[in-house]
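I have placed the structure first, in the form of structure tokens, so that the comments after it can refer back to it.
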Amino acid sequence: MEHKPQKRHKALQPLSREHHHGLLLSWKIRAGFSKNIGPKRIKVYADWFFKNHLIPHFEMEETHIFSILEKDNELIKKALADHRRIKRLFAETDDDAKTLSKIEEELDKHIRFEERVLFPEIQKVATEAQLLYIEKIHQPETFEDKLDDEFWR
């Protein structure tokens with residue numbers, strides 16, 4: 001029996017679009033490596049993306065989305081642990097190439113977990129009032145990229 005993807009509730013769609021941009025960050029890191037771009041150059045972009053997009057996204061999820069499930073829910077514990085691990089990776093300063101490789105892998109895995117496992121679970125248990133609240137406080141924003149050094153092209 002084949003499972004059809006669950007239609008994402010309108011309130012969660014902006015977060016899913018943000019996930020798409022996170023997956024693009026992972027792709028850009030891989031593309032940079034495949035083009036032999038220096039890790040420091042890639043890290044400048046990754047750090048900018050982290051500060052301008054990932055941090056606000058994580059805060060939104062941790063403050064308003066994850067609380068829909070119980071605090072001791074295993075899926076929430078995993079998502080929070082993933083966020084902590086990703087934040088620690090961005091704080092790493094030792095080996096940019098190794099760190100970027102880990103960021104690319106961890107971020108990709110984390111986003112796919114949220115999209116395929118966590119968000120469907122949240123959507124299943126969320127009340128209409130909770131979803132309306134999320135929709136009200138998290139309006140879709142136009143994604144603005146840092147295009148002064150498009151190393152991935």
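The values are calculated or read from the model by the stated rules, or taken from the named source; none is laboratory data. Note that the coordinates shown come from a computational prediction; the quantities given were computed from them, not determined experimentally. We place every Cβ from the backbone using ideal geometry, glycine too, and count neighbours over all the protein chains shown. We work out accessible area using only protein heavy atoms, side chains counted, and drop any ligands, DNA or RNA first. Shrake-Rupley method; radii C 1.70, N 1.55, O 1.52, S 1.80 Å.
What the table shows:
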read-out: Members of segment 130-147 that are open to solvent by 70 Å² or more (accessible area, probe 1.4 Å) and more than 19 Å from W27 (Cβ to Cβ); value: L132, Y133, K136, Q139, P140, E141, T142
read-out: Wholly within segment 2-79, helices (runs of 4 or more DSSP H) carrying at least 3 residues that are in contact (Cβ under 8 Å) with a residue 60 or more places away in the chain; value: 13-34, 39-49
read-out: Total residues in segment 86-111, condition charged (D, E, K, R), in a helix (DSSP H, G or I) and either more than 27 Å from I68 (Cα to Cα) or out of contact with any helix residue (DSSP H, G or I) (no Cβ under 6 Å at 6 or more places or on another chain) (or both); value: 8
read-out: Criterion violated by L118 - all others in (1) open to solvent by less than 20 Å² (accessible area, probe 1.4 Å); (2) closer than 30 Å to R41 by Cα satisfied; value: (2)
read-out: Qualifying positions in segment 107-153 - more than 13 Å from E18 (Cβ to Cβ) and of a type in the set (S, T, Y); value: T127, Y133
read-out: Residue match in segment 97-115 (condition: crowded, with 16+ Cβ neighbours inside 10 Å, of a type in the set (S, T, N, Q) and either closer than 30 Å to D72 by Cα or in contact (Cβ under 8 Å) with a residue 40 or more places away in the chain (or both)); value: yes
read-out: Pick from segment 10-52, criterion farther than 19 Å from H110 by Cα and either buried (at least 19 other Cβ atoms within 10 Å of the Cβ) or hydroxyl-bearing (S, T, Y) (or both), ranking: modelled with the lowest pLDDT; value: A11
read-out: Residue within segment 82-89 that is in contact with a Leu (Cβ under 7 Å, 6 or more places away or on another chain), modelled with pLDDT of 95 or more and acidic (D, E) present; value: no
read-out: Output for segment 53-80, where each listed residue is within 27 Å of K43 (Cβ to Cβ) and either open to solvent by 30 Å² or more (accessible area, probe 1.4 Å) or among the hydroxyl-bearing types (S, T, Y) (or both); value: H53, I55, P56, E59, E62, K78, L80
read-out: Residues satisfying the stated conditions in segment 75-96, i.e. more than 19 Å from R112 (Cβ to Cβ) and more than 15 Å from the chain's Cα centre (by Cα); value: A91, E92, T93, D94, D95, D96
read-out: Subset tally (residues that are assigned to a loop (DSSP other than H, G, I, E, B) and hydroxyl-bearing (S, T, Y)) for segment 112-153; value: 2
